[in-house]
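Notes follow the structure.
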Amino acid sequence: MRKLLITMSAIALGAMPAAGIAQTMTPEQVGAAPMTGTPSENYVAWAADSDKYEIQSSKIALSKSKSDATKAFAREMIADHTTTTKTLMAALPKTEPKVKRPPSALSEPNAAKIAALKEADADSFDALYMQQQAEAHKMAWSLHKGYSTDGQDPALKAVADSAVPIIEKHLAHVQAGGAAGGM
């Protein structure tokens, strides 16, 4: 328990200086390569699915976690991914050719992650949540960084450009917790 509290404290403290600073992570630091060649419609669907997962999983964390640091991280995830969702949806009318709104349901893989969080017992919840956050943010970074690099639609490319530093901030928080030995 003490190890977990130290880890969560490291995440919370690591979040403070990074909040206003644009990150520039390399694929080596992230542990993933940018996903290039993504069609605009796939980018929208996958980005929206990622945000929905982040928001839903973090709402579960607010109710199941025993750690104040995990709850603070979850609140940040909800706020930031609500913002990135609004930015993505606001860009859709500007796309050429027009990209349709993404599905409202979570993808099967993300729905399975949500189910695992709901089923996790109190003693294992925080570790599972943070492990899922690490993986989800690597995938999100790969998607947004890739589209930021070679996306075809200027409006969506701007969305990706704005999402990358937010995701890098989240990755830095998760990695700081991992470095402290708690994941």
Review point. Yes or no: Met139 under 14 Å from the mean Cα position of the chain (by Cα) and open to solvent by 60 Å² or more (accessible area, probe 1.4 Å)?
Key: yes
Output for Cβ contacts, cut-off 6 Å, separation at least six or different chains, first residue among the charged types (D, E, K, R) in the stretch 59-74, second assigned to a loop (DSSP other than H, G, I, E, B), reads Lys71/Ser65
Flagged pairs (Cβ under 8 angstrom, 6 or more apart or on separate chains; first in the stretch 128-155, part of a loop (DSSP other than H, G, I, E, B); second open to solvent by less than 50 Å² (accessible area, probe 1.4 Å) and of a type in the set (S, T, N, Q)) are Gly151/Thr38; Gly151/Ser40; Gln152/Ser40; Asp153/Ser40; Asp153/Thr95
Is it the case, given these coordinates, that Ser124 is in a helix (DSSP H, G or I), under 29 Å from Val99 (Cβ atoms), open to solvent by 10 Å² or more (accessible area, probe 1.4 Å) and of a type in the set (Gly, Ala, Ser)? no
For the structure I just gave you, tell me whether Thr95 is under 13 Å from Val159 (Cβ atoms) and surrounded by 13 or more Cβ atoms within 10 Å (Cβ to Cβ). yes
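For residues that are open to solvent by less than 70 Å² (accessible area, probe 1.4 Å) and either in contact with a strand residue (DSSP E or B) (Cβ under 7 Å, 6 or more places away or on another chain) or in contact (Cβ under 8 Å) with a residue 40 or more places away in the chain (or both), tally how many sit in the stretch 40-57. If you could, list the steps in order and put the result at the bottom.
Just the residues of the stretch 40-57 that are open to solvent by less than 70 Å² (accessible area, probe 1.4 Å), to begin with: 40, 42-45, 47-55, 57.
Next, from what is left, pick out any that are either in contact with a strand residue (DSSP E or B) (Cβ under 7 Å, 6 or more places away or on another chain) or in contact (Cβ under 8 Å) with a residue 40 or more places away in the chain (or both): 40, 43-45, 47-50, 52-54, 57.
Number of matching residues: 12.
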Would the stretch 154-166 turn up any residue that is of a type in the set (Val, Ile, Thr), more than 15 Å from the chain's Cα centre (by Cα) and open to solvent by 10 Å² or more (accessible area, probe 1.4 Å)? no
Please verify whether the stretch 67-89 includes one or more residues that are assigned to a loop (DSSP other than H, G, I, E, B) and under 18 Å from Gln131 (Cβ atoms). yes
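Only one residue in Thr85, Thr70 is closer than 20 Å to Trp46 by Cβ, open to solvent by less than 50 Å² (accessible area, probe 1.4 Å) and either modelled with pLDDT under 95 or β-branched (Val, Ile, Thr) (or both). Which one?
Thr85
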Requested in this report: Answer with yes or no whether Leu117 is without any contact (Cβ under 8 Å) to a residue 60 or more places away in the chain, buried (at least 17 other Cβ atoms within 10 Å of the Cβ), of a type in the set (A, V, I, L, M) and part of a helix (DSSP H, G or I).
Outcome: no
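The values are calculated or read from the model by the stated rules, or taken from the named source; none is laboratory data. Remember, it's a predicted structure, so these values are computed and weren't measured experimentally. Here Cβ is always computed from backbone atoms with ideal geometry, including for glycine, and neighbour counts include all displayed protein chains. Please note that ligands, DNA and RNA were not included when accessible areas were found on the heavy atoms of the full protein model with its side chains. Shrake-Rupley method; radii C 1.70, N 1.55, O 1.52, S 1.80 Å.
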